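J.: Below you will find the structure I want to go over with you.
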Amino acid sequence: MAFTGLTVAAFESRMATEITRLIERYGGRPLVVPVLREVPLQDNPAVHAFGLRLMAGRVDLLILLTGVGTTTLFDLLKTRYPWPSIVDALQGVTIIARGPKPVAALKAAGIQATLTVPEPNTWVDLISTLDEYRSVKGLRVAVQEYGVSNPDLLHALEQRGAEVFPVPIYKWALPEDLSPTRHVLDEITAGRVRVILITNAIQVDHVMQVLEQDGKVEAFCTALKKLIVASIGPVASERLRHYGWPVDFEPSHSKMGILVKEVTEQVSTMLDRKR
């Protein structure tokens with residue numbers, strides 16, 4: 001149950017310190033660089049339009065996709081409306097939380113979710129949970145988005161007859177300095193990394209973007225055949241397969257600590273199989 005000196009790469013941003021410590025705890029050599037940079041949408045017209053709708057009682061259902069996005073949404077609303085008025089307006093809204101992080105953000109704000117989407121918290125699980133609860137036909141549905149839009153989720157809601165309006169909070173960009181990212185990608189391509197931990201689907205998009213800029217996609221994808229690619233859950237796995245990456249491991253629960261622990265339990269067997 002250890003990495004025993006193996007070099008383990010990860011592209012975590014917010015939790016870089018935590019995943020570095022986890023890799024070290026299990027005897028690995030961490031190679032952790034961020035490939036995401038959050039860019040807040042300043043003077044966000046979509047949030048202000050959402051605020052007007054909410055305060056006028058013209059929102060029936062609010063879908064919260066991330067914890068950071070939930071907190072940021074509330075902070076932006078508070079720049080224009082008193083917090084007690086926002087809470088009063090939310091009392092008449094069905095609130096769907098996609099997993100534990102938006103639930104925690106709601107709890108910190110003193111608000112309770114109407115429904116919580118079970119693991120693995122994909123958009124398919126969200127729609128399934130909503131279908132079991134009630135029809136959305138004719139409902140005015142706001143979707144708090146993160147990083148990039150999810151057209152599959154929006155389309156599924158529209159197909160069910162909902163009036164959908166996305167509320168983007170922030171977007172993802174590449175880091176301003178790409179040299180650390182390029183160093184890690186070169187180490188992977190050279191065969192000096194044995195395990196890659198993917199903790200966010202957007203990480204895969206950004207890695208591919210850098211590789212395409214540098215003309216190194218083919219060499220990188222060839223190197224992937226000899227190492228372990230571990231995905232934190234179905235959303236990330238779907239993105240990996242989209243680009244033709246192997247998905248060698250997915251944990252029993254989509255949590256970073258469980259991902260690292262369970263990979264160490266099987267890493268030796270998986271590497272033997274790769275050889």
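J.: Collect the residues in the stretch 13-57 that are outside any helix (DSSP H, G or I) and at pLDDT below 95, keeping them in residue-number order. Show your work before the answer.
T.: Kept after step one, since they are outside any helix (DSSP H, G or I), are these residues of the stretch 13-57: 13-15, 26-44, 56-57.
Those that are outside any helix (DSSP H, G or I) and at pLDDT below 95: Ser13, Arg14, Met15, Leu36, Arg37, Glu38, Val39, Pro40, Leu41, Gln42, Asp43, Asn44.
J.: Follow-up question, since we're still on this one. What are the pairs with Cβ atoms under 9 angstrom where one residue, in the stretch 186-198, is of a type in the set (D, E, K, R) and the other, located anywhere, is in a loop (DSSP other than H, G, I, E, B)? Sequence gap at least six, or different chains.
T.: Asp186/Arg192; Asp186/Lys216; Glu187/Val193; Arg194/Phe3; Arg194/Leu6; Arg194/Gly28; Arg194/Lys226; Arg194/Leu227
J.: Something else: Look through the stretch 237-257, keep the residues that are of a type in the set (Gly, Ala, Ser) and buried (at least 16 other Cβ atoms within 10 Å of the Cβ), and return whichever of them is modelled with the highest pLDDT. Give the derivation first.
T.: Taking the stretch 237-257 and keeping what is of a type in the set (Gly, Ala, Ser), we get 237, 244, 252, 254, 257.
Subsequent filtering for residues that are buried (at least 16 other Cβ atoms within 10 Å of the Cβ) retains 237, 254.
Values: Ser237: 93, Ser254: 86.
This residue is Ser237.
J.: Scan (1) in contact with a Pro (Cβ under 7 Å, 6 or more places away or on another chain); (2) open to solvent by 20 Å² or more (accessible area, probe 1.4 Å) for the single condition Tyr170 breaks and write down its number.
T.: With (1) in contact with a Pro (Cβ under 7 Å, 6 or more places away or on another chain); (2) open to solvent by 20 Å² or more (accessible area, probe 1.4 Å) applied to Tyr170, the lone miss is (2).
J.: Separate question: Looking at the structure I just gave you, is Glu158 acidic (Asp, Glu) and surrounded by 17 or more Cβ atoms within 10 Å (Cβ to Cβ)?
T.: Values: acidic (Asp, Glu): yes; surrounded by 17 or more Cβ atoms within 10 Å (Cβ to Cβ): no.
Taking the combined requirement at face value, the residue does not satisfy it.
J.: So which residues in the stretch 111-133 are part of a loop (DSSP other than H, G, I, E, B) and either charged (D, E, K, R) or without any contact (Cβ under 8 Å) to a residue 40 or more places away in the chain (or both)?
T.: Ile111, Gln112, Thr114, Val117, Pro118, Glu119
J.: Take the residues of the stretch 209-236 that are outside any loop (DSSP other than H, G, I, E, B) and β-branched (Val, Ile, Thr): which is most open to solvent (accessible area, probe 1.4 Å)?
T.: Checking each candidate, the answer is Thr222.
J.: Kindly establish whether Lys137 is among the basic types (Lys, Arg) and in a loop (DSSP other than H, G, I, E, B).
T.: Yes: the conditions hold for Lys137.
J.: Mind listing just one residue for me: the one in the stretch 78-121 that is among the polar types (S, T, N, Q) and under 21 Å from Ala236 (Cβ atoms) and, of those, modelled with the highest pLDDT? Please lay out each step first, then the result.
T.: Our first condition is that a residue be among the polar types (S, T, N, Q); within the stretch 78-121, this holds for 79, 85, 91, 94, 112, 114, 116, 121.
Then keep just the ones that are under 21 Å from Ala236 (Cβ atoms); that gives 116, 121.
On the way: Thr116: 96, Asn121: 84.
Ranking the qualifying residues of the stretch 78-121, first place goes to Thr116.
The values are calculated or read from the model by the stated rules, or taken from the named source; none is laboratory data. Bear in mind the structure is a predicted one, so any value in this text is a computation, not a measurement. Positions of Cβ are backbone-derived with ideal geometry, glycine not excepted, and every protein chain shown enters the neighbour counts. The accessibility values were calculated without ligands, DNA or RNA, using every heavy atom of the protein model including side chains. Shrake-Rupley method; radii C 1.70, N 1.55, O 1.52, S 1.80 Å.
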